[in-house]
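The values are calculated or read from the model by the stated rules, or taken from the named source; none is laboratory data. This structure is a prediction, so every number in the text was calculated from the model and none was measured. Cβ sites come from the backbone with ideal geometry, for glycine too, and all protein chains shown count toward neighbours. Side chains are part of the model used for accessible areas, which takes the heavy atoms of the whole protein and leaves out ligands, DNA and RNA. Shrake-Rupley method; radii C 1.70, N 1.55, O 1.52, S 1.80 Å.
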Amino acid sequence: MAALDRSLAVGSSSGRGRWREYTLLSGQLKQAGLLERRRGWYVARMGLNLALLVVGLGGLVVLGQSWWQLLVAAYLAVVATQLTFVGHDAGHRQIFRSRRANDLVGLLHGNLLVGISFGWWVPKHNAHHTNPNDEDLDPDIGIAVLAFTAAQARDKHGLARVISRSQAWLFFPLLLLEAAHLHLASVKAIAKGSGRANLVEGFLVGLHLLVYLTVVVVVLTPAQAVAFVVVQQGLFGLYLGCSFAPNHKGMPTLTQADQLDFLRRQVLTSRNVRGSRLVDWLLGGLNYQIEHHLFPTMPRPNLRRAQPLVRAFCHHHDLPYAEASLVGSYTQALRHLHTVGAPLRPVRTAAD
């Protein structure tokens with residue numbers, strides 16, 4: 001903690017010297033070829049994901065009216081999350097140098113295959129990257145029903161205040177609603193928008209919903225169709241939320257008074273998740289959150305190779321480099337949520 005406080009204090013005196021540190025690190029990674037695009041890797045990954053999607057849809061049709069379809073729903077929740085990871089990478093321009101090509105991949109994966117507006121999500125996510133864990137500017141910690149800082153907890157009222165009291169216990173159950181939230185927010189954004197690009201977004205999202213609901217209703221009984229949608233969308237939201245949750249929850253939060261340079265702002269607010277290549281696949285490369293935040297356009301397969309260089313650089317410059325196991329990262333996030341919500345819980349006395 002002392003090292004963290006020292007980094008916050010030193011980082012406040014940003015200037016050319018601080019920017020030069022980031023430039024040096026960027027130069028090391030560029031020299032190692034880690035900023036180069038990996039189009040072949042992405043083509044193979046997109047092909048694999050599409051094959052997995054076809055298998056899931058095939059299983060849905062072949063099984064017919066069966067409650068075993070709930071297993072297919074769980075399987076398709078995993079596939080949908082993997083498709084979303086590709087859309088995420090396209091939003092960061094990791095796949096192609098051309099913006100148009102990345103946008104096409106993003107629209108196909110986000111709007112058409114998953115049903116989430118790519119045009120709505122990208123600026124929201126970019127705002128998070130620009131100001132991670134900033135109490136005023138990061139939309140990812142401006143969630144109505146959760147409190148990530150003491151100030152946010154004090155400002156909660158009504159149902160949000162009740163939820164925030166037990167938010168550590170309710171965090172994972174609330175993630176079951178995340179997919180529904182993303183779909184609703186996408187539809188709202190498209191409905192408010194205008195122009196040709198917005199019409200394309202609306203058409204693709206509408207096509208996704210039409211095909212998705214038509215297939216489910218035609219193949220399954222009404223009860224099975226409802227159960228299928230609830231399970232598939234609930235687990236999709238849970239998996240997606242669990243992929244993003246370890247990255248910043250429980251890490252230091254900032255305000256506009258913290259005038260940190262880019263390097264420190266990104267490193268001090270991010271946490272990496274240790275693990276094997278299985279963890280890389282499960283979390284879509286988001287387990288290398290520090291490297292991803294420092295170099296958002298770096299292709300996902302290069303993050304693992306960049307990590308040793310970034311870690312050594314941070315240690316050399318006395319910057320805390322946060323890492324945890326997957327379970328440990330969730331533990332830290334939940335502990336933080338529990339602590340923040342403590343003032344909202346009634347105080348028990350000996351008489352009670």
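For first residues located in the range 64-75 and at positive phi, partners that are crowded, with 16+ Cβ neighbours inside 10 Å and lie 6+ apart or on another chain with Cβ distances below 7 Å form the pairs Gly64/Val219. Counting only helices (runs of 4 or more DSSP H) that fall entirely inside the range 239-352 and contain at least 2 residues that are open to solvent by 10 Å² or more (accessible area, probe 1.4 Å), the qualifying elements are 262-268, 277-282, 303-316, 326-341.
Criterion applied to Leu175, Leu146 was being of a type in the set (A, V, I, L, M), within 22 Å of the chain's Cα centre (by Cα) and at pLDDT 95 or above, and the one residue passing it is Leu175. The residue pairs whose first member lies in the range 157-170 and is in contact (Cβ under 8 Å) with a residue 12 or more places away in the chain, whose second member is open to solvent by less than 50 Å² (accessible area, probe 1.4 Å) and among the basic types (Lys, Arg), and whose beta carbons are closer than 7 Å, counting only pairs six or more residues apart or on different chains, are Ser164/Lys156. Give the range 188-211 a look and list any residue that's free of Cβ contacts under 8 Å to residues at least 60 places away in the same chain and in a helix (DSSP H, G or I), or say none. Once the filter is applied, which keeps residues that are free of Cβ contacts under 8 Å to residues at least 60 places away in the same chain and in a helix (DSSP H, G or I), the range 188-211 yields Lys188, Ala191, Lys192, Arg196, Leu199, Gly202, Phe203, Gly206, Leu210, Val211. Determine whether the range 120-143 contains at least one residue that is part of a loop (DSSP other than H, G, I, E, B), open to solvent by 50 Å² or more (accessible area, probe 1.4 Å) and free of Cβ contacts under 8 Å to residues at least 60 places away in the same chain. Scanning the range 120-143, I find at least one residue that is part of a loop (DSSP other than H, G, I, E, B), open to solvent by 50 Å² or more (accessible area, probe 1.4 Å) and free of Cβ contacts under 8 Å to residues at least 60 places away in the same chain, so the answer is yes.
Have a look at Ala73, Ala44 and point out the one that is open to solvent by 20 Å² or more (accessible area, probe 1.4 Å) and aliphatic (A, V, I, L, M).
Values: Ala73 fails: open to solvent by 20 Å² or more (accessible area, probe 1.4 Å).
Testing whether each residue is open to solvent by 20 Å² or more (accessible area, probe 1.4 Å) and aliphatic (A, V, I, L, M) leaves just Ala44.
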